[in-house]
Amino acid sequence: MSLVMQNLGTFMVYALAAMFVQNAVFTRGFGVSRLTKLVADSAVDSMTFCALLSLINVLCAPMSYFVNQFLLQPAFWYRNYVRPLAFTVCALIAFAAVFLVIALLNLPNKKDLLAVLPLATLNCAVLGPMLITANQNYNFAQTMGFALGSGLGYAFAVIIVTEGQRKMNSRSVPAVFRGLPINLIYIGILALAIYSLTGHRVAI
Amino acid sequence: MRDDRIRYFAKNMDRLSRRDRVFLNNPVIMQGLGLAPVVIPATTLGNAFILAVGVALLLTPTRMIATFIGQRTGSFLARAVTYALTAGVVYIGVGYIIDYLFGTGALAVGIYLPLLVLEPLIIKRYESPKRERLITSFKKGVITTIGFCLVLFLMAGLRELLALGTLGGIEILRVSLLPMASMPAGGFILLGLVASLWRGLVNTFKKNISLGVKNLQ
């Protein structure tokens with residue numbers, strides 16, 4: 001029982017850390033190119049995208065953990081070269097599973113979900129957490145917590161940046177700053193706030 | 001500017017604005033691609049060089065191979081899978097070459113080198129249904145690499161100078177003007193400022209061309 005509680009505690013701590021103090025966007029810049037497009041594009045529902053990204057992250061995490069533990073052992077000299085391909089395959093397996101579920105459930109917004117799914121899967125915010133958990137030799141509970149937290153952290157970043165859009169589109173913002181430049185400055189200021197919370201530079 | 005140059009730019013401005021990947025439609029500044037490598041690990045010119053070699057070896061071959069295979073697979077999903085897997089396979093060779101060239105020095109860019117595999121700069125082409133010829137994919141791959149590397153080196157040089165007072169390891173300033181420049185927050189803010197300046201220059205250039213055409217008439 002105590003082992004279960006201990007692992008649950010680890011899971012929660014890593015999920016919270018990945019969501020806030022090691023936020024995928026603000027501290028590591030994962031998926032920031034997609035984020036700047038997402039907040040400006042009204043055709044794609046941000047929350048649907050984030051929900052799919054979090055789901056893919058959670059599905060990928062156990063696969064990447066076992067691939068890293070058993071197929072890419074430290075004895076293999078080529079493990080660092082093959083790792084991105086192996087993790088991309090994990091992401092594509094998760095993609096196929098989600099694709100099948102969406103197709104079989106016959107949801108009303110099925111078409112929209114299937115259009116967004118590749119964008120949410122082939123994303124640095126999916127590959128990045130897998131590479132971090134593998135590089136830092138996280139155990140299973142840590143890996144799962146970090147994956148869930150990274151997905152939710154990405155959603156957290158999207159919500160904050162989307163909220164800021166209303167102010168950033170104001171006429172008081174000079175024309176040359178509108179769009180990408182003001183978004184980057186805003187994300188930078190938020191990253192500074194996260195830095196003041198952690199008080200250290202996140203290792204890359 | 002000479003009259004014939006003004007006429008040329010005025011006549012082809014729309015086409016140039018779409019196709020030029022260095023100044024008018026830079027992948028980083030105008031399209032917002034490849035932001036993570038520019039903002040996080042590009043803190044010195046040395047790091048930028050490693051990333052530039054990685055992008056140069058990965059972008060064009062991935063685009064060419066995926067274009068070649070993609071001519072046989074038409075759908076959006078098939079294109080997405082083709083580009084992602086191609087980038088992963090090409091990275092095996094790229095990773096080996098980077099290790100051979102830089103050894104442990106490549107650790108300075110950390111996971112941002114393997115992360116290039118799913119970076120929109122490398123694989124975004126899958127989103128476009130328009131087919132392209134192999135020679136076009138080669139040309140666009142090379143010009144996109146040049147445009148990306150230009151901003152990468154500009155930002156890395158700026159961040160190194162402001163944070164450390166050096167350029168390529170050579171001391172230029174005795175003081176550290178802005179230590180925050182080496183942090184992600186500083187990277188985002190500096191890139192935002194550079195992007196606004198760059199976009200301002202592009203707008204001025206376009207205005208001057210249209211003004212020049214009016215004066216010629």
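One residue stands out in region A:62-78 among those that are among the aromatic types (Phe, Trp, Tyr) and away from chain B (no Cβ under 14 Å): the one that is surrounded by the fewest Cβ atoms within 10 Å (Cβ to Cβ), namely A:Phe70. Against the list (1) surrounded by 19 or more Cβ atoms within 10 Å (Cβ to Cβ); (2) without any contact (Cβ under 8 Å) to a residue 60 or more places away in the chain; (3) more than 23 Å from B:Leu85 (Cβ to Cβ), the condition A:Phe95 fails is (3). So for region B:161-181 (the condition being touching a residue at least 60 places away in the same chain (Cβ under 8 Å), surrounded by fewer than 18 Cβ atoms within 10 Å (Cβ to Cβ) and in contact with a Leu (Cβ under 7 Å, 6 or more places away or on another chain)), does at least one residue qualify? The answer is yes, given that some residue of region B:161-181 is touching a residue at least 60 places away in the same chain (Cβ under 8 Å), surrounded by fewer than 18 Cβ atoms within 10 Å (Cβ to Cβ) and in contact with a Leu (Cβ under 7 Å, 6 or more places away or on another chain).
Within the option set A:Arg178, A:Arg166, being among the charged types (D, E, K, R), surrounded by fewer than 24 Cβ atoms within 10 Å (Cβ to Cβ) and under 19 Å from B:Leu190 (Cβ atoms) holds for one residue only, A:Arg178. On inspection, B:Phe205 does not qualify as of a type in the set (Phe, Trp, Tyr) and either modelled with pLDDT of 95 or more or not in a helix (DSSP H, G or I) (or both). Applying the selection to region B:1-46, what residues are more than 14 Å from chain A (Cβ to nearest Cβ) and in a loop (DSSP other than H, G, I, E, B)? Of everything in region B:1-46, those that are more than 14 Å from chain A (Cβ to nearest Cβ) and in a loop (DSSP other than H, G, I, E, B) turn out to be B:Met1, B:Arg2, B:Asp20, B:Arg21, B:Val22, B:Phe23, B:Leu24.
For region A:130-144, filtering for residues that are part of a helix (DSSP H, G or I) and open to solvent by 20 Å² or more (accessible area, probe 1.4 Å) leaves 4.
Please work out which residue is surrounded by the fewest Cβ atoms within 10 Å (Cβ to Cβ), limiting yourself to region B:191-211 and to residues that are among the aliphatic types (A, V, I, L, M) and at the interface with chain A (Cβ under 8 Å from one of its Cβ atoms). Step by step, filter region B:191-211, then rank; the result is B:Leu197. Of the residues making up region B:71-88, at least one is among the hydrophobic types (A, V, I, L, M, F, W, C), touching a residue at least 12 places away in the same chain (Cβ under 8 Å) and open to solvent by 30 Å² or more (accessible area, probe 1.4 Å). On the stretch given as region A:103-121, residues that are open to solvent by less than 10 Å² (accessible area, probe 1.4 Å) and free of Cβ contacts under 8 Å to residues at least 40 places away in the same chain total 1. The requirement of being of a type in the set (Val, Ile, Thr), surrounded by 15 or more Cβ atoms within 10 Å (Cβ to Cβ), in contact with a helix residue (DSSP H, G or I) (Cβ under 9 Å, 6 or more places away or on another chain) and facing chain A (nearest Cβ under 9 Å) is satisfied by B:Ile111. Taking into account only those residues within region B:164-190 that are of a type in the set (Ser, Thr, Tyr) and more than 9 Å from chain A (Cβ to nearest Cβ), which is farthest from B:Leu45 (Cα to Cα)? So the residue we want is B:Ser176. Among the residues of region B:121-148, those identified as part of a helix (DSSP H, G or I) and open to solvent by 20 Å² or more (accessible area, probe 1.4 Å) are B:Lys124, B:Arg125, B:Glu127, B:Leu134, B:Ile135, B:Thr136, B:Phe138, B:Lys139, B:Lys140, B:Val142, B:Ile143, B:Ile146.
The values are calculated or read from the model by the stated rules, or taken from the named source; none is laboratory data. Since this is a predicted model, take the numbers as computed values, not measurements. Every residue, glycine among them, receives a Cβ derived from its backbone with ideal geometry; neighbour counts consider all protein chains shown. Heavy atoms of the whole protein, side chains included, go into the accessibility calculation; ligands, DNA and RNA do not. Shrake-Rupley method; radii C 1.70, N 1.55, O 1.52, S 1.80 Å.
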